[in-house]
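Inspection log for the structure reproduced underneath, given as structure tokens.
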Amino acid sequence: MRRSRRHHRRLLGPERRDRLWIYGWFWCARSQNDPGIGRQPCYGYEPGDIFPSLLPDGRHFIYLRLGAPNATGIYLGSLDAKPEEQSTKRLLATRVHAQYVPSEDPARGYILFMSDATLMAQTFDPNRLEPVGEAIPVAEQVGTYLASALFSASGNGVLAYRKGTGRITRLSWFDRQGNASSFTGEPASFNDVALSRDGTLVATTRAEPPKVDIWVYEVARTTGTRLTSEPGLNLSPVWSPNGDRIAFNRGATMYEKASSGTGPEQVLLQREAYPTDWSRDGRFLLYAQRDPRKRFRSVGASTVWRA
């Protein structure tokens, strides 16, 4: 990943104390003048834009906007638009994050999002940048945590998700009829789940107090490899496009490490940044940043920028 030049231009609006960053050439932030901004926290969070997910053209992305009840949901952002040109139209109503998943048809993809405890799939036209038809249910009783939904999808159609909110869980694979077909890993306290793009590996956070480590499992096996070993909370694993590296957060630093577990960790950014997505060409790494003066349960007030 190239990090040599960064010339910044504001993308959405006035600077806020906390931003949603897109690492590399641009980052994301949001406008204080948007009608979604409220003076009081909504659903336990403060208003902001979080969890960006790039679309196939590499110039647009979807993200979760937290704000007033009639404004909270999934929105479309553009890296090329001026602040006053950004879309204010809500694509989908939801209180947790969503993910874009491509299909074999380049003119059609899907946005996976939550409606209460049901995981839904909304057909989306990546060329016209708009939803098509009605959303359909994919899975019931999918777990959530704060503004995160506990699911992840690979680029070849493989979906992983966690049911409920129990502390001791097991990573389960289901067929298209909803039947458990196999298990990956022994029962443990799993949280973040991220599939590699080819769907053969899964990176997950596993709590063993007082530590939280990142583990990597082969889908076809029940044993995994511990990726991190340093003390602290290792969180938010994200795969590089070719699956050879994993970016993650620990404390006030964002790191990357070979997914094989060999070699030392490399510092990507010395701030409390949580990676959320890695672009297909490997040039951009998206991450969220929290205001250190706010409580951890607060997502914080975020905005969208471009460098």
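Only the coordinates and a few stated rules stand behind these numbers; no lab work does. Here the structure is a predicted model, which means the values were calculated and not measured. For neighbour counting, all protein chains shown are included, and Cβ atoms are generated from backbone atoms with ideal geometry for every residue, glycine included.
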(message) Just to confirm a number: summing +1 for Lys and Arg and -1 for Asp and Glu over residues other than Leu129 whose beta-carbon lies under 11 angstrom from that of Leu129, what do you get?
(response) 0
(request) Give me the aspartates and glutamates in straight-line cross-link reach of Lys257: C-alpha distance below 15 Å, same-chain residues under 8 apart excluded. (result) Asp213, Glu230, Asp244, Glu265
(request) Between beta-carbons, use under 13 Å as the cut-off and find the net charge around Asp57, counting Lys and Arg +1, Asp and Glu -1. (result) 0
